Every structure is written in C-alpha cells, then in structure tokens.
1. Calculate, in nm to one decimal, what T45 and L316 gain on full extension: separation in residues at 0.36 nm each, minus their alpha carbon distance.
2. Can you compute the label reach from A67? Point 7 Å from Cα along the Cβ direction, backbone N cut-off under 17 Å, restricted to the stretch 88-104.
3. List R192, R283 from most exposed to least, where exposure is judged by having the fewest other Cβ atoms within 10 Å.
4. All other residues with a Cβ under 10 Å from the Cβ of E232 taken together, and with Lys, Arg as +1 and Asp, Glu as -1, what is their net charge?
5. Among D369, D40, which comes first, second and so on when ranked by fewest other beta-carbon atoms within 10 Å?
6. Please give the charge dipole size of the stretch 35-191, origin at the Cα centre, charges +1 on K and R Cβ atoms and -1 on D and E Cβ atoms. Round to the nearest 20 debye.
7. Multiply the residue separation of L168 and D268 by 0.36 nm, subtract the distance between their alpha-carbon atoms, and state the gained length in nm to one decimal.
8. Which percent of Cα-Cα pairs in the stretch 35-191 sits in each 10 Å bin, short to long?
Amino acid sequence: MHVYQAGRIKLTLLTTLILLIFVSPIQAQGDGNRLVVAADGDYTTIRAALEAAMPGDVIEVHAGVYAAPLIIEKSVALVGVGQPAIDGGGTGSLVMINAPDTRFEGFTVRNSGSNVNHEDTGIVVQAARVTVANNTVENVLFGIYFANANEGTAYQNEVRCFDRELGLRGDGIRVWYSNHVTISANTVTNCRDTLIWYAQDITIINNTVRGSRYGLHFMYSSHANVENNTFEANSVGSYLMYSQHLTMTGNRMLRNRGPSGYGIALKDMDYVTLQDNVLAGNRAGLYIDNSPALVDATNYVTGNFFGYNDMGIAALPSTKRNVFQSNTFLENHQQVSVQGRGNLLNNTWQQNGIGNYWSDYVGYDGNADGTGDVPYRAEKLFESLADSEPVLRLFTFSPASQAIDFAASAFPSLRPDPKVVDEAPLMQYQMPTLPAPNTQNASLPLLAVTCLLLGIGTGVCVLALRERPISWGLTLQDDDRVRAGA
C-alpha cells in the first residue's frame, strides 16, 4: 500500500474515533429515541413528552418556562438546552424523580413552596442511580433531596435557598437513607445544612458551601470521604456526629464564625481521619466532644493548618485517644482551649518523634534537627482562667493578662497544670498542599477521554512522520511541490 494512502487511512480512523467519543451528549444518553420539547417542536410540554417516551429515551427540552410540579416516572434523560426553567410559582415541591437510572440536567428549577412541614423542595430524588447535574436551583426551601435513593449523583449544581433566618431555611442538599451517593462540584449558598443522615459510603468532593448554618452536617452515617471542599462564612463549617470511619482531606474551613463558629466539630465520632485541611479564621478551628466514643477507637489529626482562629482546638476535658501529629498551630489567639476543668493529656501530641508546630513555642533546637529540644507546654494562667470564665477573653492582650502570665512564670506555685505537652515540637511549619478549588466544567471522564485522544493522536502523528509527511487536504502533485519548495 502507498505510504500516502496508509497515512490517509490512519487519519480516517482517528477522525472516526473522535466522532464516536465526542458524539453529542444528548445522543449519548442511551439507545432510545430523542423527543424534542419546544414552542415549535413535536411536543410543547414536558408532560406530553414524558407520556410518549419509552425507557431509555432522551427528552431534549429547549429554553422556556415550564410549570411545576414535574413528576418523572420513566427511566429517561431530560436534558435542558438553553437553560429552560421549571417554575413552581411558590407552591409545593417542583421536580420529583421516581424512576431509576434517570438523568436530569441543564435546567433552572425555581420558586418552590415554603411549607417546612411538607419540606417543599426544588428536586426530590426517590429512586436509585439518578444523576442530577448542571442545574440551577434557586428561591427554594430545600434544594436537592435524595430520599431512600441509592447510588445517586449530584454534580455541578448551584443551589440558592430562600433568604430567611438560618433556622427557618431548608437544607441545600440532603441525603437521607441513601447509600453510595456522590455529591460533587456543587455550590450551595444561603441554605441551612448540607445534611447526610442515616447514609453509608458517601463521597463529598469539590463542593463550595457559603452563608449557611452547617456547611456539612453528618449524623448516623459511616464510611464517608470528604475531600477538597470549601466551607466558608457559615455558622459552622462541618459538624460531624454519631458516625464512624470518616476521612476529611484537603478541605478549607474558612471564617466560620457563628455562635459556635467551629471549622470542624466532632461529637461522638469514631475512626476519624482529619488530614491536610486548612482551618483559618474560625472561632475554633476544631471542636471535640467525646470523640472517639468507643474505647478501642482512635482518631487521627495530622498535617492540618490551624491559623488565625480564636482557638486552634477547643475540647472537653474528657477528650482522649486522639493523635495529633505534624499539625501547624500558627498565631491562634489561644492554641488549645479546654472547655471545663481538666486537660488534654490523654491524647497523643507526638508520635515517632514527630510533634506539631506551635507559633508560641519559646524553646530551641540546639542540634538543628528540626525538633525542639524542650517540650512545648500549654500552661498559661490567663488562658486557664479564660477557659473557666469566658468573659475574661475581653482582656486578651491587655496589660492585665500579661501581668497574670508574668506572675505565674515568676511564681511556679501559681502556674496551672499544662493542658497539652508536646515532647517533640516542630521548629518549622508547612502549609498543606491543596488542589485548587473546582471551578471547571470539565468532568473526570471528559478529562480521561481528552488524554486518550492526545495519546492516540500523538501515536498516529509519529507513525505518519516516520513513513511520510501527510499534507492535509493536498493532492499528490501538490504534496510533491510543497516538499520541493515550489
């Protein structure tokens, strides 16, 4: 075979592969028919198209305003083109998905009812393997609600709730009795909680929650992975309760300053790993209450950055069996606070000769091995007094507080028992290396496809160049003139 023809064949194969992979998302939804809903289409209402559809069909809904409620009881894909709106006019729940293997994508869902007892919601999912993606849910009581709906996905949705007092809002995203659910790349603003309730094996990744009560609220759930989320300017960043086997990695807990104001709070939590998170500007970076609760459980807090909080860690004196290692405590007003009489010495503050960095450490490193030669001890008298009488925090940094601490250092009999002793304090701090917050529309499958195409394209080009350069769109005679420099 002529080398030019061989190159053309390879080019044709590559083009065919590209067309197969990048076929329109609407056409790729399934093997069924496509039904078009538009003012001048075959169907003018979504309900009419749903009545005519068969399982596996794609319903393409063009821009316009469509009345709620929309009840989906067939396994179809509804894909919005031009962001069509489902408008409830202030009454009831808006979209109810009751069929498994359904996809609902590309819509604006707005103006739900406001009845808290009825839990009026933008999108209610009550079936397995449902995907809710790329929607805007606004002016609603509750946003997206997975109710007994396993293996669901909420991806890249924007949820904005009614502008009310925190306690009167609904949850932005709620997962209830639904296992193996993935919450990814969503933005939730001015809602109550992102609530995970009686749900197992949950993945929460790349989300942003602002202006809410609890950015994340876990209760009675287990085996969850929470990664690379931003919980900012909420009353509480994450409140995790009565659950087990939860891992939080690479999250940002920033400026959560409500009445509690915790970046992360643990209440009766077992087998928890908090690693490489940034907790900055909160009232308390981490709050611990009876965690772990099981006598044979251990929680690990490693590599986190506690910076510029009122309190780096606040914990009840009963707190024990937590391991703190390689964390940075930088310029918190109070590095560690004990909420009651006692200390936190029943926790581990260094392991295998590696402790934590404390910005108020006044020791030295004589052998320059990066570890302080004397232990870090949290034993300031004024801090102990303020833990017992919080109103005294008004005098933080005042001459009175400095005089009290000076007196305690001069007269050891006045010095309180240490709250924390770190036998191997670190001399240098490090910020966790976090991935950038997710702001891209590209999904992981699309990224993988792109990498695959790049690899295939590179291989074809290398083979073509090794045999004979291909002059795209030229005849054989034109190709000869180009190579001859004519």
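1. Extra length from T45 to L316 when fully extended: 91.7 nm.
2. Only 88-96 fall inside the zone, counting backbone N under 17 Å.
3. In increasing order of surrounding Cβ atoms, one gets R283, R192.
4. With Lys, Arg at +1 and Asp, Glu at -1, the neighbours total +3.
5. So the ranking, lowest neighbour count to highest, is D40, D369.
6. Numbers: 9 positive and 17 negative charges, 59 e Å.
Its charge dipole is roughly 280 debye.
7. On the way: separation 100, 0.36 × 100 = 36.00 nm, distance 2.66 nm.
So the extension gain works out to 33.3 nm.
8. Reading the bins upward from 0: 12, 44, 35, 8, 0.
Laboratory data are not the source of any read-out in this text; all were calculated from the coordinates shown. No experiment lies behind these values; they were computed from the predicted model shown. Ideal geometry is used to build each Cβ from the backbone, glycine not excepted, and the neighbour counts take in all protein chains shown.
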